[in-house]
Structure formats: C-alpha cells, structure tokens
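Novice: Okay, here's the structure, questions in a sec.
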Amino acid sequence: MKELGRRCSLCNKKAVVYIPYQRRYYCKDHFVEFLINKVRSTIKRYKLIKNRDKVLVALSGGKDSAVMMDILFKLSKDFGFKLAAVHIDLGIEGFSDESRKVVEQQARRLGANLVVVRLNEILGVGLTELSRKARRPPCSVCGLVKRYLLNLAALVSGASKLALGHNLDDIMAYALKGFLTQDLRYISKLGPSTESIDDLAVGRIRPLYEVYESETRLYAQLLEIPVVKSRCPHFRPNQMEVELKNVINDIEQERPGMKLSFIRRFVRNIQYYPGINEDIIPCKYCGMISSTGECSFCRLTKRIFGEPMGPRAKRYLKDLFDVQNLWT
Ligand SMILES: [Zn+2]
Ligand SMILES: [Zn+2]
C-alpha cells in the first residue's frame, strides 16, 4: 500500500488514500466506511432497493461486482433485503475457469448462495466459438448473451432486482461512446435502474453508480477480496471505452468531482434520450422481453444453429435453480 505520509482527516491513523473531490485523507477503516456510506446514499438517492427485495447479484470475478456484493452484504440488514449471486460461465478458454473459481471464493467468503450458469451447457459451445460462428466481435456477443442470461436467471430465481457492478467510470465511458457514435438509444439505457416488467424483465440496479473505479480497486485491495488476475483474451486496450476512461480521468485530475457532477446531471437528463419508451413485445420463441417480437438471443442463435435457443436456456435455468433454498 502506498505510504502517503499523511494522517486520516477523521482520526489520527495513517492515511491510505486522498479523495480530491472531498479534500480528505482516509485511513483504511475510514475509507471502507466512506465507500459503504457512498453506496448506501446511492441506493437511497435513486431508490434502488426496497425492504424485502430479493437482490440477485451478477458476479463476474472482477473487482467491481465483488466489491458491490461485499457492500450490499453489509447493507442488507439495514435495508432488509435478501441476497444471492449468479455467475455466467462463458466458457472462454484460459479465462472462464479462473473466473468461476474466484467467484466461488467470493461467495464463500460471505456465505452467500451462488448459481453458476454455463453457456456451454446451454449451447454446446463457449463464447469464443459462438462469436466466430456469428461473425461478430466477441465483446458484442458477450454483452448480448450476458444480458439475456442474467435477466432470465433473475426471472427464474424469483429475484425482484438484478444488481450490476457498473461503476461511474464505466457509465460515463459508455455514455460518451454513445454520444460519439450517436447511438442515443444506447445512452437511454444507462440510468441507475430500470423497472421490472411482469414475466418479461427483472429491474436492474447499479449500486456503484456514483463510485469511482479507483475506489472499488482500493476497497478490494484493502479488504483482500479475491479477484480474477488474468485478463479476458478478447480484451483490447484500444477499445473505445478504455481510451475514453483515460481521457475522463485526465479531466477529473484537473477538475476533481467532475465525474460526480456529470452523473447527477446525466440522471436528470436521461429522459430526453430516445429509446426510453421503446415498444415491448414478448419474444415469440422464448417469451422474454424484446422490442420486435424476436429477442436478440433467439435471433442470433436461430441464425447460427437453425433453432432459437431461448426456450432451451429457459428449461436449463429452471432445472438449475433451487428457488426454495436460494433466498436464505
Ligand atoms: Zn481514520
Ligand atoms: Zn427469445
């Protein structure tokens, strides 16, 4: 841990971090408390979780979702909600096995129930092969598959909320990307939460909406939360999101707090982006949410396998979830 040579602004212990937008130094304990409180006020500000909610946490193996789980666990008594975790094993060689093992450690550490959904067991192929067959970039197929399976898992599990680990830097980079590519419909999907729609979609929440990426990184380090060490082989450092994050952080350095004020104004303005009131027509194959009557998962798999795989995914998940014992 970096030695700052300063004392915590709240007690006399050694500081481990300086938070420029607060002009405060924190020791380990006070930083952990600061971040828990930040998530607590995010949940209240955006009304993300209610008493008696069943919150299904999507764990990827990375630091953000792990930190989210850790903090939600600590807040679950105060807010009176239940927690369980789900992990999508994408079957990416040299990456997914490690991710799954780390996620299992993360869940065990908290005594949380975890369900692992294996793409291979649904489709007979992993993500890499699927994107090759689809002739589409792995990251776009990955996003589509994860969105679909997470929503399906949340529905089948009886969850009332699906918690995603996107942090403030992620959201801001996605929003800028949406602006630069003029995909304004995409921007409309970047709010702190979405509503549940009966039998079609479980409301998504983003408890780390106001949390900086540097803050989740430090929290994971300080509490020695296990996280995946290797990078996904499909990751490219020149992906637009990555470049945008660097630019955003350069600006933040000169103007501490810029990211926070962005996100708060963004939430107020999100209603003006197109796509917020999109049509909702259940998929004719699997009955899940879509805007055209054919969901993107069924469309993609029908093109590749000659058969839409949504119904099969649904059966697989129903067999997988022991709903009675999930929400303890
Ligand atoms: Zn302190
Ligand atoms: Zn479908």
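Novice: Hey, does the stretch 67-81 have a residue that's of a type in the set (Ser, Thr, Tyr), over 24 Å from Gly310 (Cα atoms) and either in contact (Cβ under 8 Å) with a residue 60 or more places away in the chain or assigned to a loop (DSSP other than H, G, I, E, B) (or both)?
Specialist: no
Novice: As an exercise: evaluate Arg255 against (1) at pLDDT 95 or above; (2) under 21 Å from the mean Cα position of the chain (by Cα) and give the number of the one condition it does not meet.
Specialist: Exception for Arg255: condition (2).
Novice: Quick check on the stretch 24-37: of everything there that is surrounded by fewer than 20 Cβ atoms within 10 Å (Cβ to Cβ) and touching a residue at least 24 places away in the same chain (Cβ under 8 Å), which residue is nearest to ligand 2 (Cβ to nearest atom)?
Specialist: Ile36
Novice: Output the residue which, of all residues in the stretch 191-227 that are of a type outside the set (S, T, N, Q) and modelled with pLDDT under 95, is farthest from Cys142 (Cα to Cα).
Specialist: Asp198
Novice: With the condition kept exactly as written, say whether any residue in the stretch 270-278 is acidic (Asp, Glu), farther than 23 Å from Ile88 by Cβ and outside any helix (DSSP H, G or I).
Specialist: Yes: one or more hits.
Novice: Among the residues that make up the stretch 110-122, is at least one of them in a loop (DSSP other than H, G, I, E, B), surrounded by fewer than 21 Cβ atoms within 10 Å (Cβ to Cβ) and in contact (Cβ under 8 Å) with a residue 60 or more places away in the chain?
Specialist: Yes, some residue in the stretch 110-122 is in a loop (DSSP other than H, G, I, E, B), surrounded by fewer than 21 Cβ atoms within 10 Å (Cβ to Cβ) and in contact (Cβ under 8 Å) with a residue 60 or more places away in the chain.
Novice: Go through the stretch 202-225 and report how many residues are of a type outside the set (A, V, I, L, M, F, W, C), in contact with a Lys or Arg (Cβ under 8 Å, 6 or more places away or on another chain) and within 28 Å of Gly158 (Cα to Cα).
Specialist: Final tally of qualifying residues: 3.
Novice: May I ask you to verify whether Tyr21 is crowded, with 18+ Cβ neighbours inside 10 Å, aromatic (Phe, Trp, Tyr) and either in contact (Cβ under 8 Å) with a residue 60 or more places away in the chain or away from ligand 2 (no atom under 16 Å from the Cβ) (or both)?
Specialist: No.
Novice: From the set of residues in the stretch 38-58 that are surrounded by fewer than 20 Cβ atoms within 10 Å (Cβ to Cβ) and of a type in the set (S, T, N, Q), which is nearest to Glu254 (Cα to Cα)?
Specialist: Ser41
Novice: Got a number for residues in the stretch 294-317 being surrounded by 13 or more Cβ atoms within 10 Å (Cβ to Cβ) and either part of a loop (DSSP other than H, G, I, E, B) or among the basic types (Lys, Arg) (or both)?
Specialist: 8
The values are calculated or read from the model by the stated rules, or taken from the named source; none is laboratory data. None of these values were measured; they are calculated from a predicted model. Glycine gets a Cβ as well: all are built from the backbone with ideal geometry, and neighbour counts include every protein chain shown.
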